[in-house]
Structure formats: structure tokens, C-alpha cells
Amino acid sequence: MTTHMRFPPVTEYGPGERPHAVVIGAGFGGLAAAIRLGAKGYQVTVVERLEQAGGRGSVFRQDGFAFDAGPTIITAPFCFEELWSLCGRSLADDVKLIPMEPFYRIRFDNGDVFSCSSDHDAMKAEIGRFSPSDVKGYDALLEDCKKLYEYGFCELADIPFHNLFTMLRTLPKMALYRADRSVYSHVARHIKDERLRMALSFYSLFIGGNPFSVTCMYNLILHLERTFGVHYVKGGIGALVQAMVNLIESQGGMIRLNADVEQLLVEDDKAVGVQLAGGEEIRSNIVVSNADALWAYDTLLPGRKPRRWTKRKLSNVMHSMSLVVLYFGTNKRYEDVDHHSILFGPRYKTHLEDIFKHKRLADDMSLYLHRPTATDPSLAPDGCDAFYVLSPVPQLTGDIDWETEADPYRQKIQQRLEDTVLPGLSESIVTSKIMTPLDFKSRLNAPFGAAFGPEPRMLQSAWFRPHNLSEELENFYLVGASTHPGAGVPSVVTSAKVLDHVIPHADSWAAQNV
Ligand SMILES: Cc1cc2nc3c(=O)[nH]c(=O)nc-3n(C[C@H](O)[C@H](O)[C@H](O)COP(=O)(O)OP(=O)(O)OC[C@H]3O[C@@H](n4cnc5c(N)ncnc54)[C@H](O)[C@@H]3O)c2cc1C
């Protein structure tokens with residue numbers, strides 16, 4: 001990756017020069033935005049404060065093991081295929097996606113195991129094994145989820161919501177689809193068995209939302225997964241990030257790492273570039289921020305009177321939960337453990353209340369266990385396994401002291417794994433690393449260490465979420481999990497697609513701004 005470049009002056013274009021776009025942050029949102037801007041003819045520079053691209057999709061390497069830090073599941077490959085086709089290329093030439101079958105196995109606290117797959121008949125048989133009377137309801141639920149996908153994802157995800165009328169126009173359909181219902185209550189209308197209700201409603205946690213409070217529109221994920229599959233990127237998520245970086249560089253764009261943006265440069269109410277820590281200024285014609293929007297509004301515009309994002313408004317936002325993620329390598333392979341496993345604890349609703357409402361750290365826990373070496377042994381030394389285990393926990397608005405709680409919590413997670421699916425774990429761990437809410441805050445500039453931005457409640461979605469076209473400054477745009485349409489890799493990549501509606505082609509921009 002290139003670490004320095006010469007920047008064109010802001011509005012003077014020589015022959016062959018192009019308007020310059022700076023993208024703050026090289027998460028999936030920023031990388032997707034850079035590719036789209038490059039395809040629109042802009043000269044693009046991505047500035048990333050970390051030592052590597054990927055943001056939450058970073059990779060940690062330790063003692064011969066490679067650990068995907070965050071996303072492990074790619075659910076909507078078409079979002080990436082579209083980026084590649086904008087560059088006249090094919091995703092399959094650069095990235096190998098491996099479909100997972102089954103998607104994951106869910107282990108309930110009493111030891112019952114539910115296998116989740118794309119095969120509709122197998123799924124119905126599995127539902128019937130748990131509760132024969134719920135098979136019909138499952139079909140009806142999937143029918144509903146298809147409609148939610150067709151409206152929520154196909155019609156609304158990639159359009160800008162800075163105009164209140166856009167929001168108002170959605171109201172009749174939102175009423176029709178009873179978007180006021182929660183994810184859980186929508187599932188519960190069709191499914192009676194409590195274990196199946198858990199297995200079919202926990203998905204909103206993938207995007208930071210409590211299934212008991214976020215809108216059932218997010219049940220579209222059930223349709224998305226079953227229609228487009230659950231995929232693993234060969235080589236780990238870092239391989240996809242690197243392929244996006246390569247795509248940007250093939251367009252003539254640049255990625256600057258270890259480049260921490262301290263503030264926006266502003267002239268006449270327009271964003272005209274960024275200032276890095278250390279004082280370097282990078283002038284540009286437009287600025288797109290992939291940093292958390294609430295953090296950006298709180299930090300990058302010092303001394304300005306905000307139009308919408310006042311301190312009061314910022315402090316009223318309800319943040320998603322955070323996570324403790326433990327990455328570890330073992331000196332043996334656990335062959336009977338799947339690539340993706342969910343381990344439910346004894347409680348569901350009250351456990352989620354502890355996390356989202358009471359902000360307390362419970363003794364019991366639900367876990368997601370990732371064993372990529374089930375599919376891709378290259379991520380660990382021969383005969384070894386690489387794992388990560390993730391536990392949803394409260395973000396930092398509570399009073400949990402992670403400096404003292406991290407190690408006892410790590411031990412509890414390890415014990416739970418040892419007692420359930422990884423016997424003998426404590427003797428076989430050879431390397432480990434932990435990430436707590438404090439790391440989300442300090443490494444990723446995530447307010448209160450929230451892992452997924454603002455919680456995707458009804459009144460924090462679409463128009464209510466930070467807009468992709470900023471109302472605070474001209475030529476300033478936002479992408480990523482904290483903006484519309486929200487968190488999760490398909491959504492953040494789609495947030496960059498929204499820019500197509502609000503940023504003109506570079507030629508038009510240049511013609512309008514001579
Ligand atoms: C543990 C975990 C597991 C997940 N699993 C999945 C999954 O399996 N599938 C899925 O679809 N989603 C998953 N998600 C959600 C998904 O990873 C995120 O929603 C998505 O990656 C967020 O991308 P982003 O571009 O919005 O933000 P980020 O990835 O956070 O990128 C923002 C970037 O901006 C940079 N930045 C911030 N401030 C500055 C600054 N001042 N100057 C320069 N750069 C700056 C940051 O360093 C960062 O690189 C998971 C999330 C986590 C945390």
C-alpha cells in the first residue's frame with residue numbers, strides 16, 4: 001500500500017486531473033465508498049488511522065495463527081459482485097467464497113442441537129424434530145420475511161434518507177408490515193416452541209439490536225441468508241479486504257495507513273479536506289467519513305454550531321451492545337466442532353435485558369464460536385485450530401470496569417467452552433488475545449465501545465439515523481454502520497451505494513464547480 005502522494009489543488013484541474021475525494025476510514029464502508037467514487041472518476045485517497053485496512057474486519061496474527069477480528073459471515077455476495085463489476089471485473093477472479101453447509105449449529109443450554117441450513121426441506125425437518133406443529137408457521141414466517149426483504153432491503157436500503165418526505169412515504173408499507181413489532185414478537189406470532197423462537201430471532205444481534213426491541217423489518221435477514229447463503233472467504237476476511245484495497249489501487253486510488261484524521265478542513269460551510277494528527281493537511285473536493293458518525297460529529301468539527309447533531313442529541317442516542325471477543329489457538333484440532341456454532345445460555349429475554357437495559361455483566365452467557373480452521377486449516381499451524389469466541393456484553397454507559405473484569409470474564413468464557421464443546425481446552429490453548437468494549441472505543445473510535453453503532457431501533461433507523469448526506473456541511477458525506485442502512489457487512493457496503501444518489505460523477509462535479 002502507498003503511504004504518501006502528491007495531492008492536486010482543490011479546484012484547479014490540469015489536463016487529465018480529476019476532482020479529489022478523501023475517505024476517512026478503511027472499514028468495509030470506506031473501502032466500498034472509495035471503489036464507487038473511483039468508478040465515478042474521482043481521484044481517491046483513503047486515510048486510515050490503524051496500521052491495516054478493514055476496520056472491524058481487521059486480522060490479528062499471533063504465534064503462527066491468523067484471527068479474523070470481526071466479521072466471519074458473508075451473506076450477500078451480490079453487494080461485492082456489484083463493486084467488482086463497476087470496475088469491469090469479476091469478484092470470483094479475486095476472491096473465493098465458500099458456501100457453508102450447514103450455516104451453523106445452535107446448541108441450547110440443555111444440550112439440544114439445532115442445525116440451520118439453506119436446504120428448505122432439511123430446515124423444515126429440523127423444525128419438525130423440535131416441534132411438529134411449528135412447521136406450517138415456519139413457512140408463513142419465511143413468506144413474511146421475503147416481503148420484508150423485498151421492501152426493506154431491495155427498495156429502501158440503498159436510497160438516501162436525509163429528506164423527511166422519503167421517510168413519510170414509507171409509512172403506509174411500514175404499517176402494513178407492522179414494523180412496530182419487534183423481531184421476537186414477529187417470530188413468536190408464527191412459532192410456538194421457545195427454543196425455535198430463539199433460533200429464529202437472534203439474528204438482529206448480528207447487527208447490534210436486541211430482538212425484543214428492534215423492528216421486525218430486520219427479520220429480512222432470515223430471507224437474505226436462506227436465499228443467498230452464508231459464505232466464508234477463503235484465507236479469512238482479510239483476503240476480501242485486501243482484494244478491495246487492490247481494486248482501489250487498480251483504479252489509481254491510494255490507501256494511507258497510520259493516518260489519523262483530527263478534524264475536517266472547512267471553508268464557507270464546505271468540507272475542503274482533512275487535517276491529520278501531526279498537522280498535515282490533505283485538501284480535497286469532497287470528504288466521505290466512514291468513522292462512526294456520532295464520534296465524527298462530536299470530534300471532527302470543533303468550534304462549529306451543529307445543525308442537527310447537538311451534544312444533547314448525541315447524548316440521547318441508544319447505542320448497540322458491545323462484545324468481548326477472545327481469540328485463541330489450540331495445539332490440537334477439535335474435529336467435531338463446526339465452522340460456526342451458537343451456544344445459548346439458560347436465559348434469553350432477561351439475559352438480553354441485562355445487556356441492553358440494566359448494563360450488567362451476568363454470570364451466564366450466550367456465545368458465538370468461530371472455528372475457521374474447520375474449512376481453512378491454513379489459518380493455523382499443522383494439527384492446530386484457530387478460534388474466536390464472542391460474547392455480547394453491555395457497552396460502556398454502565399459501570400463495568402473492564403480493566404478488572406476482562407480476565408475473570410475470559411476465564412468464565414473458557415470454562416463454559418471447556419464444559420460444553422471444547423473439552424480439555426485449558427491444556428490445549430497455546431495463544432490468546434482478548435478484545436473488550438474498551439478496545440472498541442480506543443481502537444475504532446466507537447462511542448461507548450458499542451460494536452455496531454446506534455442500536456437499529458425503529459426511531460434510530462432510516463431518517464432518524466445519521467444521514468449519508470450531511471446536513472452540517474456541504475461536500476461532506478457519511479457511510480458505515482452508524483449511518484443508513486446500518487450495521488453488518490452487506491449494509492455498510494450498501495451505505496456506500498447510497499452515495500451514488502447524492503454525489504455526481506466527477507465530470508459533472510468539475511463542470512459545476514469551475
Ligand atoms: C466481532 C464482530 C463480528 C461481526 N461479525 C459479522 C459477520 O459475521 N457478518 C457481518 O455481516 N457483519 C458482522 N459484524 C458487523 C460488521 O463487521 C460491521 O458492521 C462492519 O464491518 C462495520 O464496517 P464500517 O465500515 O461501518 O466500520 P469499521 O469497520 O469500524 O471501519 C471504520 C474505520 O474508520 C477508521 N477510523 C475511525 N476514525 C478515524 C479517524 N479519525 N481517522 C482515520 N480513520 C478513522 C477506523 O479505524 C476503521 O478502520 C461483526 C462485527 C463485530 C465487531
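Read the figures in this text as sums done on the coordinates, not as results from a lab. Computed from a prediction, not measured in an experiment: that's the story for all the values here. Neighbour counts are summed over all protein chains in view; Cβ atoms, including those assigned to glycine, are modelled from backbone coordinates with ideal geometry.
Observations, loosely collected:
- Taking the longest Cα principal axis of the chain as reference, the axis of helix 237-250 is set at about 20 degrees.
- Within straight-line cross-link reach of residue 441, lysines at Cα separation under 28 Å, skipping those fewer than 8 residues along the same chain: 305, 311, 313, 349, 357, 359, 412, 433, 497
- Vicinal HN-Hα couplings computed from phi for the range 100-105 (Karplus, 6.51 cos²θ - 1.76 cosθ + 1.60; Hz; Gly/Pro x): 8, 8, x, 4, 7, 10
- Value of relative contact order over the range 43-150, rounded to a whole percent, pairs C-alpha under 8 Å and six or more apart: 9 percent
- Of the beta bridges in the chain, as assigned by DSSP with both residues counted there, near 70 percent are antiparallel.
- Cα gyration tensor category, rounded, prolate or oblate, for the range 279-396 with a/c compared to 1.5: oblate
- Mean ellipticity per residue at 222 nm, deg cm²/dmol - from DSSP H runs of n ≥ 4 across the chain, formula -39500 (n - 2.57): -9500 deg cm²/dmol
- Residues 176, 148, ranked from the fewest to the most other C-beta atoms within 10 Å, line up as 176, 148.
- Across the range 317-444, Cα pairs under 8 Å and at least six residues apart give a relative contact order of 39 percent.
- For the range 156-301, a Kirkwood hydrodynamic radius built from all Cα pairs, placed in the Stokes-Einstein relation at 37 °C and 0.692 mPa s, yields a translational diffusion coefficient of 167 µm²/s.
- Cα gyration tensor shape of the range 247-348, rounded if a/c is under 1.5, else prolate or oblate by comparing a/b with b/c: oblate
- Restriction of the GluC sites (Glu not before Pro) in the range 20-91 to DSSP coil positions whose beta-carbon has at most 16 other beta-carbons within 10 angstrom yields 51.
- In summary, the chain shows an alpha-carbon radius of gyration equal to 0.96 times the 2.2 N^0.38 Å reference for compact globular proteins.
- Couplings 3J(HN,Hα) for the range 432-444, derived from phi with the Karplus relation 6.51 cos²θ - 1.76 cosθ + 1.60 (θ = phi - 60°), are 7, 7, 10, 10, 10, x, 4, 6, 4, 5, 7, 7, 10 Hz, where x marks Gly and Pro.
- Scanning residues 5 or more positions from residue 256 or on other chains, those with amide H under 5 Å from its amide H are 46, 47, 48, with H placed 1.01 Å from N in the peptide plane.
- Per-residue Cβ neighbour rank within 10 angstrom, fewest leading, 350, 75, 45: 350, 75, 45
- Sorted by Cβ density within 10 Å, fewest first, the residues 22, 489, 95: 95, 489, 22
- Applying the Karplus relation 6.51 cos²θ - 1.76 cosθ + 1.60 with θ = phi - 60° to the range 253-258 yields 3J(HN,Hα) values of x, 10, 10, 10, 8, 6 Hz, where x marks Gly and Pro.
- Dimensions in Å of the range 118-231 - Rg and Dmax from alpha carbons: 14.6, 48
- Placing a pseudo-label 7 Å from each Cα along the Cα-to-Cβ vector at residue 133 and residue 189 gives an inter-label distance of 2.0 nm.
- Applying the criteria of a DSSP loop state and at most 16 other Cβ atoms within 10 Å to the trypsin sites (Lys or Arg not before Pro) of the range 133-178 yields 178.
- In percent, rounded to a whole number, the relative contact order of the chain is 24, using alpha-carbon pairs under 8 Å and six or more apart.
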